[in-house]
Each structure stands twice: as C-alpha cells, then as structure tokens.
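For reference, the structure discussed in these notes is given below.
The values are calculated or read from the model by the stated rules, or taken from the named source; none is laboratory data. As the structure is a prediction and not an experimental result, all values here were calculated from the model. So basically every Cβ, Gly included, is an ideal-geometry build from the backbone, and we count neighbours across all protein chains shown.
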Amino acid sequence: MMRILITLLLLMLANTAYAHKPSDSYLILNIEGATVNGQWDIALRDLDFAIGLDGNGDGEITWGELRARHDAIAAYALPRLRIQTEGVVCPTHASTHLVDNHSDGAYAVLRFVAECNKPPSTVELNYSLLFDVDPQHKGLLRLEYKGTTTTAIFSPDKSTQHFELAEVSRLRQFLDYAKEGVWHIWIGFDHILFLLSLLLPAVLYRSKKHWEAVASFHPALIDVLKIVTAFTLAHSITLTLATLGVVTLPTRLVESAIAASVVLSALNNVFPLFEGKRWMVAFAFGLIHGFGFASVLADLGLPQDALLLALVGFNLGVEGGQLAIVSVFLPLAYYLRDTLFYRRIILIAGSILIMMLASVWLVERVFSLKLLGF
Amino acid sequence: MSKHHNPHKLLLISFLLLCNAQAYSAPFIPASDSVVLEQLPFKASDPTTRELRRLRADLSANPRNLDKAVTLAQRYFQLAMADGDPRFIGYAQAALAPWWELDKPPVAVLVQRATLRQYSHQFTSALADLQQVIRLEPRNGTAWSLLAAINMVQAEYATARQDCENLRGLASKLIVVACIATVDSLNGKAGQAYLSLQETYASSTTIPANEKLWVLTRLAEMSDRLGYADKADTYFQAALKLNIPDAYLLAVYAEFLLDEKRYSEVITLLKGRERSDILLLRLALAEKALNAPRAAEHQEVIRSRFDAARMRGDKLHIQDEARFYLYFLNNPQEALRLAQENWLGQHEPSDARILMAAALAAKDRAAAQPALDWLAQSRIEDRHLEKLLKAIQGMKS
C-alpha cells in the first residue's frame, strides 16, 4: 500500500514527464468514382501489442517478421474500418504492404481498395481500430475527393463520422488556383528579387566601366521580354514536370539553390559575371524556381482528376502576378534610368542589399535556421 | 577570351541536376528480410513482458475482475512513469474499460481513473473523482497524496498543505514531512522546508527505495531553487544511483545541468532517450549549445513530433513547444503565445519560467504579468525566476 502511495506521490509535478506521442494511425482515403483507394499507416508498436509481430521474441521487428504477418494485419485492421455509402457497405480488400517512418517510429503501410456500388455523394466511416486495447488511440483521416481534402480525427467518442462529398465547379477550382498563383508570386520575395535583380540593368548598358542609360525604350523592352520569357518558360517546365511527378528534388536543395540564384543575379549588377546573356541565367535558374513553385502547389493539395486544371491555373496566376510587377517596374526604371540615383543607389546599393538578404536566406536554408522573421 | 563566367555552364548544370534527380516518396519496401524496422520496449524473454502477458491473459479471461483490472492498470501506469510512454496510459485505461464510463465506479477504479486523468492534465475531472473517494473513504492515503499533487500544480497551496496534513497516520512520517515541505518551499518558506526535510530524511531509517527516490528528487529541486547548486547535484546523483527508472528525474536533472551549462553531461545522461519527446528536447538543447553533430537532425525530429501532436489535437506539450519556438526557431512571439496558453492550465515554476522568458524575448512586459502576480502571491523563492523577474523589471515598459 505504502509503495503504491509513494509511486503516486512521485506524480507530483510529473505532468511535465508526459513524453512520447500517444498512439495514432494515419488513414488516407481517396475517392475516385465508385472506388475508394486507401492507405493506412499503423504503428508497428500498436500492431505488436494487438496481434503480435515479434516472431522470434528478440524485441526487434524485422521486415521478414512483418511480412509473415501481412495477412493477419489486413485481417485485423480492415474489419475495423467500415466504409458505407448511402447505407451500403463497400467491401474492402488489401492490395500492397509497405513501411514508412513517422515521428515516433516505424509504421506498416496497408494499401487497400473499397468498391462501392456507385459513385457516392455521402460517405459514412466507422473506425474502431485499437480502441479496445488503447482508448487513447486516434485515427487521423485525410479524405480526398475531386481536389478537395477533408481531415478528421477518430477517437472512441467519435468513431462514426459522416462526410458530404461536394461537387466543385471547374471554373471555381481554376480561379482558386490562379489566385493562389498570384498570391504566391506576390509573397515570393526570393522569386521577385531574383527577377528584379536581372531586370534592373535592362534600362542601362555597360560602357567601359560604368552603367549608361539606354537611348530608347526599345532595347530595354526587348531585354525585359527576353528575360521574363526565359524565366517564365523555364519555371513552367519544371513546375509541370515536378507537379506531374516526373521529377522531384529535395526541398532543402531547391530552396537553397533559389537563394543562391538571388545572390548571383544581384552580384552580377556589381561585378559583371554574365553580361548580355542574362536571359540564359533567367532560364537556367528559372528551372530551379519552378521546383520551388511546385512544392507550394503540392502543399495546396492537388486534385488528381483536375491536375492539369490546377497546374495551368496556378501557373497562369504566377505569370499574371509577375506581369503586374514587371509592368510597374519597367516604366519606372525607364523614367529613372538617367539619374545617378538609379544607376548608383538603386542598381548598385540595391543589388548589394539584395545580395546580403539572399545570403542570409542561403545560410538559413542550408543550415535549417531561422535568422530573420520573413 | 571572355573573362566572364559562361552562362552556358549554368544551363548545363541545371540539366544535370534534373537528370540526376531522384523521385522519393515516403512509404517504401525494405531492402531485405533482415532489416530491423522497430525496437520494442521489451524483449519477449524480459520478466516485465512475461509479467504483463500473464496479467493481460488473466484479465481477458476475467475482464470484470476488479482486482486483476486494477493490478494491470497500476502496472501499466508504473511503466508509463518509468519510461514516459503514454501508450501505457491508454493500455491502463483499457484494462479499466468495464468501469471507466461509470459515474460511481468502485473506489479502486476512481483512484486509478484520477491518476490517469491527471497524467493527461484533465485536472478538473481528476479532482472530482478524488473528492468522491475521500467522501467514501476519508482515510484513503493515495487519494490525499494525489489531491496534494494536483493542487500543487494548480498553485492551490493552502489546500495542498491541508491534503498533506491529512496524510498523517496514513503514510510514513518522512512522506508527510516531504509533502508539506514541498508545498512550503513553493509558498515562501523554502529555507525552513528544506531544513526540515533534510533533517527528517537524515534521521529516518530503512526507507523503501521508491520513497528515497521521491524524497531525494524533492530535496534536489528545493536546493536548486534556493541556489545550493552543489547540494542539488549531490541529491540528483544519489537519486540516480538508486537505479529506479524515472523519466521525471532525468528531465529535471537535465534541466539542472542545462542551467549549469554542463552540456556534455546532459548528452551522456540522455543518451538513447530520443523516443521521449521531453527528454529529446533537453538533449537537443545541450547539443545545440555544443554544436554537436546530431543537433540539426534532432531539431527536425522534435518539429515533426510537435506537428504530429498538433494533427492529433493534443495540447499537452505546449510548454516544451514554447521553448522550442524560443530557443530553436528564434520566434519569441509564437513562443509567448504558447507559453500563455500553457499558463492557463498550470502554474508551476517551469510554466512561469517559460512565460517570463518568452515575454522578455518578445519585449512584452504586460504578457509576463500573470506570472509576476503568481510570484508575488505565492512568495515562491526560486533563483531562476528571480533572475527573470529582475530582467523584466529592468525592461522599458
């Protein structure tokens, strides 16, 4: 009795000792027509507790031991998820088994398919995995339907939930993504500064060691057109490739390269690195920037059945936003091109400031730090 | 020959990058059958595993047997305390399933339910359960000690002290003195409380190991607050030597070592404890200070743990999350917001500390006021809080 007392007293102020993550499973359901494609990530710890996985009892779960239990896992999990549309149960069957690592350990990834008798307009889900052995377990659901994502949390108190599947107009979707495109170029300081750094000298030309103003608008316009077109083409290519899943690059690499591109394009205005061929630089680095846009687009959630729509909408939004910025910049720059203020302060000092800012970004992104608030 | 860098090279490099790009998606198939995917807390041959298996089997054969259920729940709870793994809390709750939803379950279940609830910071319902126990069994020592614990967390010191007094005759003299001393040390009588506990401990004979662990931890915390760093270290070391696994002890000793800037000792102390979110954060703080190789990796893990907790709707970790935003992400505004949210539920020295530190960093004097009020009301003597108080008072308002 005393010992129990003491153990309990040990609780005192032990609230802070609350540690690891409690048990969660991650359930993704994607509804396409009358078929529900599911992916269910269930922690190996939980499966071991519920049905046993450690075949040889050595305290470690190997892929071999897990593979031997794949049928048992499907037989345990699938009956504990009931998918119903309009009152009719959609029978499920397991398709593949994989593994994934989440923040608190390894999970079995169970992919399965549910066939409903017709494309649903509402779906009812009943989730009861692990609740009988761990009532603190939660099922984290992500439901995807026609480009919209709904999330929900299943717990013993909320084990049955209904979802209305709304029809989203194509036009609305297109406009939503276009809006996002405009927004993301407006707040994309790194993209804007890259472009502006390349455009700043458009209204000038190098004569011996100084910058001189161009005599007429035409060369400036051509220069801007070449650079903007090259940048647009390049980032559209990689945005498309990345979004369609043809090519993927690690985020940290992409973001760091973007920061580096800003440093270099600003540096070029102070010490000429690549004169007269800035459109090539715009193209080359534009490819990298496209990957940056792609990760933004991916974060917004992509409707598999309206992928092209989302892609084109977003891209057009980016171009639109870009155009707006350039059409404000060009007349202003042209107007000021003769002034020392433009050639020294804006071009040189401005470029140096941009370089410094971009260098900080580079450090932040390479070393995963946050030095600035933006 | 142009001295300028060839822009064509840039084009080439970008294409090369594209060609070598690897698509990676998260789920995978391991390379071979022998790849180890997960470490379980215990081997099958471990005495703990055997014991748990026996208790579990026993209970599933007799799920409505109160004694068996309470025994298993207690055992799981002890494991949760030792390891800091909340899955054990879920398992304990499952053992009590036949009675869990009842308004008036048996006393043994009430006590267990209160224990598990307070662990999840459900203080109000835990207190309600305990009040019920006290009405039915006024001499239930476990209930009084739990009440004392909860009231202390909520800074209800007078009530907590009374709860400790009610333990007289139900617990050993040492435990009663320790309970009262802990309350007093938070309530303006720290020096006295420390001396009285020290004396009683020294003059007690044959103290059970668990009691020793508890008393030594309290003595360590008290001496730390009073500024006797050497004594605190001695007590912590003595507690560790008892070899009773306790996640809380590791966490507070790590905090102490961090304050003393003894970073490499933190790394040694917490080696292999990355599974515990609390301990991982403290480990990462030490690694950051030393620029240790795994610091960035651990920082990412911590971030993903917080994201996972947010996804599931848990708010139990916000004190640590506030520290993460303050010390790792350099974001005092978000740290302050979290610290304020944390303060709504608990008023312990560590809660005040992060609130004051975040308010200081965010240059928001007014935000620290609740902590300052609590400091004044409780008359707590804590050197860390005193330092922060001075800094805040020195701020231009």
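Annotation note: of A:Phe285, A:Phe274, the sole residue that is crowded, with 17+ Cβ neighbours inside 10 Å and assigned to a loop (DSSP other than H, G, I, E, B) is A:Phe274. Listed by first and then second residue, the pairs linking a residue in the range B:375-387 that is touching a residue at least 60 places away in the same chain (Cβ under 8 Å) to a residue that is basic (Lys, Arg), with Cβ atoms under 8 Å apart and 6 or more places separating them unless they lie on different chains, are B:Ile380/B:Arg225; B:Glu381/B:Arg225; B:Asp382/B:Arg225; B:Arg383/B:Arg225; B:His384/B:Arg225; B:His384/B:Arg353. Every test in (1) surrounded by 15 or more Cβ atoms within 10 Å (Cβ to Cβ); (2) more than 29 Å from B:Trp99 (Cβ to Cβ) is passed by A:Val133 save one, and that test is (2).
Residues of the range B:316-330 that are in contact (Cβ under 8 Å) with a residue 40 or more places away in the chain and in a loop (DSSP other than H, G, I, E, B): B:Leu316, B:His317, B:Phe328.
Results for (1) closer than 20 Å to B:Asn151 by Cβ; (2) within 12 Å of chain A (Cβ to nearest Cβ); (3) of a type in the set (Gly, Ala, Ser); (4) surrounded by fewer than 19 Cβ atoms within 10 Å (Cβ to Cβ), shown as yes or no for each residue.
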{"site": "B:Ala193", "(1), (2), (3), (4)": "yes, no, yes, no"}
{"site": "B:Thr217", "(1), (2), (3), (4)": "yes, yes, no, no"}
{"site": "B:Glu221", "(1), (2), (3), (4)": "yes, yes, no, no"}
{"site": "B:Asp230", "(1), (2), (3), (4)": "no, no, no, yes"}
{"site": "B:Asp246", "(1), (2), (3), (4)": "no, yes, no, no"}
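Inclusion of B:Leu146 among residues that are modelled with pLDDT of 95 or more and closer than 28 Å to B:Asp314 by Cα is not warranted. For the range B:110-128, enumerate the residues that are surrounded by fewer than 21 Cβ atoms within 10 Å (Cβ to Cβ) and either in contact (Cβ under 8 Å) with a residue 40 or more places away in the chain or part of a helix (DSSP H, G or I) (or both). If the condition is that a residue be surrounded by fewer than 21 Cβ atoms within 10 Å (Cβ to Cβ) and either in contact (Cβ under 8 Å) with a residue 40 or more places away in the chain or part of a helix (DSSP H, G or I) (or both), then B:Ser120, B:His121, B:Phe123, B:Thr124, B:Ser125, B:Leu127, B:Ala128 are the ones that fit. Taken together, the residues in the range A:95-142 that are among the small types (Gly, Ala, Ser), within 14 Å of chain B (Cβ to nearest Cβ) and part of a strand (DSSP E or B) amount to 5. Would you call A:Ser95 out of contact with any strand residue (DSSP E or B) (no Cβ under 8 Å at 6 or more places or on another chain) and either closer than 14 Å to B:Ala26 by Cβ or not β-branched (Val, Ile, Thr) (or both)? Judged against the criteria, A:Ser95 is not a match.
Return a yes/no flag: does the range A:332-339 have any residue that is out of contact with any Leu (no Cβ under 8 Å at 6 or more places or on another chain) and crowded, with 18+ Cβ neighbours inside 10 Å.
yes
Of the residues in the range B:133-154, at least one is surrounded by fewer than 19 Cβ atoms within 10 Å (Cβ to Cβ), touching a residue at least 60 places away in the same chain (Cβ under 8 Å) and not in a helix (DSSP H, G or I). Would the range B:258-274 turn up any residue that is of a type outside the set (Lys, Arg), within 10 Å of another protein chain (Cβ to nearest Cβ), surrounded by 21 or more Cβ atoms within 10 Å (Cβ to Cβ) and closer than 15 Å to B:Arg323 by Cβ? Looking for residues that are of a type outside the set (Lys, Arg), within 10 Å of another protein chain (Cβ to nearest Cβ), surrounded by 21 or more Cβ atoms within 10 Å (Cβ to Cβ) and closer than 15 Å to B:Arg323 by Cβ, one finds none in the range B:258-274, hence no. Any residue that is surrounded by 14 or more Cβ atoms within 10 Å (Cβ to Cβ), within 27 Å of B:Leu213 (Cα to Cα) and either of a type in the set (Val, Ile, Thr) or facing another protein chain (nearest Cβ under 7 Å) (or both) - is there at least one of those in the range B:52-69? No, the conditions are met nowhere in the range B:52-69.
With respect to being in contact (Cβ under 8 Å) with a residue 24 or more places away in the chain, surrounded by 23 or more Cβ atoms within 10 Å (Cβ to Cβ) and at the interface with chain A (Cβ under 7 Å from one of its Cβ atoms), B:Asp277 fits the description.
Taking B:Val252, is it crowded, with 17+ Cβ neighbours inside 10 Å, over 28 Å from A:His102 (Cβ atoms) and not acidic (Asp, Glu)? Yes, satisfied. Say whether the condition of being in contact with a strand residue (DSSP E or B) (Cβ under 7 Å, 6 or more places away or on another chain), facing chain B (nearest Cβ under 9 Å), within 30 Å of A:Ala34 (Cβ to Cβ) and part of a strand (DSSP E or B) is met by at least one residue in the range A:59-72. So far as the range A:59-72 goes, no, none of its residues is in contact with a strand residue (DSSP E or B) (Cβ under 7 Å, 6 or more places away or on another chain), facing chain B (nearest Cβ under 9 Å), within 30 Å of A:Ala34 (Cβ to Cβ) and part of a strand (DSSP E or B). Of the residues A:Ala242, A:Ala260, A:Ala266, the single one that is surrounded by 22 or more Cβ atoms within 10 Å (Cβ to Cβ) and over 18 Å from A:Phe329 (Cα atoms) is A:Ala242. Is it fair to say A:Ile348 is surrounded by fewer than 18 Cβ atoms within 10 Å (Cβ to Cβ) and away from chain B (no Cβ under 14 Å)? Yes: the conditions hold for A:Ile348.
Is it true that B:Gln333 is surrounded by fewer than 19 Cβ atoms within 10 Å (Cβ to Cβ) and of a type outside the set (Gly, Ala, Ser)? Yes: the conditions hold for B:Gln333. Looking only at residues of the range A:153-174 that are part of a strand (DSSP E or B) and surrounded by fewer than 15 Cβ atoms within 10 Å (Cβ to Cβ), we find that the one that is nearest to the other protein chains (Cβ to nearest Cβ) is A:Lys158.
Filtered by the rule that a residue be farther than 12 Å from A:Pro135 by Cβ, assigned to a helix (DSSP H, G or I) and not hydrophobic (A, V, I, L, M, F, W, C), the range B:69-96 gives B:Thr71, B:Gln74, B:Arg75, B:Tyr76, B:Gln78, B:Asp83. Of the residues making up the range A:145-152, at least one is loosely packed, with under 13 Cβ neighbours inside 10 Å, within 11 Å of another protein chain (Cβ to nearest Cβ) and either more than 30 Å from B:Ser32 (Cβ to Cβ) or touching a residue at least 40 places away in the same chain (Cβ under 8 Å) (or both). In this structure, does A:Ser25 turn out to be over 26 Å from B:Ala92 (Cα atoms), among the hydroxyl-bearing types (Ser, Thr, Tyr) and in a strand (DSSP E or B)? In short, no.
Pairing each residue of the range A:107-123 that is closer than 30 Å to A:Thr62 by Cα with any residue that is charged (D, E, K, R) and surrounded by fewer than 22 Cβ atoms within 10 Å (Cβ to Cβ), provided the two are 6+ apart or on different chains, yields C-beta distances under 6 Å for A:Tyr107/A:Asp100; A:Val109/A:Asp100. Close Cβ contacts (under 9 Å, 6 or more residues apart or on different chains) running from residues in the range A:84-95 that are more than 12 Å from A:Gly38 (Cβ to Cβ) to residues that are basic (Lys, Arg) and part of a strand (DSSP E or B) comprise A:Val89/A:Arg82.
When B:Leu146, B:Leu186, B:Leu216, B:Leu136 are screened for being within 24 Å of the chain's Cα centre (by Cα), within 26 Å of B:Ala73 (Cβ to Cβ) and among the aliphatic types (A, V, I, L, M), only B:Leu146 passes. Considering the range A:28-48, the residues that are buried (at least 21 other Cβ atoms within 10 Å of the Cβ) and assigned to a helix (DSSP H, G or I) include one that is farthest from the other protein chains (Cβ to nearest Cβ), namely A:Leu47.
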